[in-house]
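Step one of this worksheet: look at the structure below.
Since every read-out is calculated from the coordinates, none of them should be taken as a lab result. Keep in mind that what you see is a predicted model, and the values were worked out from it rather than measured. Positions of Cβ are backbone-derived with ideal geometry, glycine not excepted, and every protein chain shown enters the neighbour counts.
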Amino acid sequence: MSYTTENIGERIRKCRKEHFLTQEQLSEIIDIAPNYLGQIENGRRGVNLTNLVKIANALGVTFDYLMSDVNSAAIEESDDIKKQWLALIENRSPNEQRRLIKIVTDLSHNIFE
């Protein structure tokens with residue numbers, strides 16, 4: 001796994017922006033100095049475990065997401081696929097949702113097993 005300060009900082013910045021938070025707002029939530037958060041996001045400073053967990057919790061992501069070596073494009077593609085699935089079923093009745101899940105499950109078993 002890649003635990004570079006640059007990669008971690010990029011993920012933190014991306015998540016913060018997705019939540020429409022400024023560095024000042026996030027730093028206030030997690031009780032650190034805004035300039036320290038800026039240095040973390042820019043990869044100039046590392047982040048200790050306690051603050052990394054606070055950041056993950058504040059941004060609604062998992063600790064391993066911030067630490068993983070998965071590249072951003074793969075994560076975004078996965079998020080897009082999840083959004084497509086949700087859009088497909090969100091306006092369906094519970095019965096229709098169950099039927100769609102059964103169809104996809106059966107199809108998956110036939111194709112991949």
Notebook entry, point to check: For the range 5-67, which semi-axes, largest first and in whole Å, follow from the square roots of 5 times the eigenvalues of its Cα gyration tensor?
Noted result: 14, 13, 11
Item checked: Stretch gain in nm, segment E77-R92, where the contour uses 0.36 nm per residue and the Cα spacing is subtracted -> 3.0 nm
Next item on the list: Give the relative contact order (percent, whole number) for the chain; include only Cα pairs under 8 Å separated by 6+ residues.
Entry: 28 percent
Next item on the list: Once you've got the GNM for the chain with C-alpha springs shorter than 10 Å, pick whichever of R99, R11, R44 has the biggest mean-square fluctuation.
Entry: R99
Notebook entry, point to check: Nearest 10 degrees, 0 to 90: what angle lies between the long axis of helix 72-89 and the longest principal axis of the chain (Cα atoms)?
Noted result: 40 degrees
Check: Gaussian network model of the chain, Cα springs within a sub-10 Å range: biggest mean-square fluctuation belongs to which of I103, I81, I40?
Finding: I103
Notebook entry, point to check: Among V47, V61, V53, what is the fewest-to-most ranking by other Cβ atoms within 10 Å?
Noted result: V53, V61, V47
Next item on the list: Starting from the Cα of K17, draw a straight line to each of the lysines and keep only those under 29 Å, dropping any in the same chain fewer than 8 residues away.
Entry: K54, K82, K83
Next item on the list: Kindly put H19, H109 in sequence by how many other C-beta atoms sit within 10 Å of each C-beta, fewest to most.
Entry: H109, H19
Check: Relative to the first principal axis of the alpha-carbon coordinates of the chain, what is the inclination of helix 5-18, with its axis defined by its Cα atoms, in degrees from 0 to 90 and to the nearest 10?
Finding: 60 degrees
Notebook entry, point to check: Normalised by the residues of the range 5-67, what does the relative contact order come to in percent, with Cα pairs under 8 Å and at least six apart?
Noted result: 42 percent
Next item on the list: Can you list which of the chymotrypsin sites (Phe, Trp or Tyr not before Pro) found in the range 20-100 are DSSP loop residues with at most 11 other C-beta atoms within 10 Å?
Entry: F20
Next item on the list: Return one number: the angle in degrees, 0 to 90 and rounded to the nearest 10, between the long axis of the Cα atoms of helix 94-112 and the longest principal axis of the Cα atoms of the chain.
Entry: 90 degrees
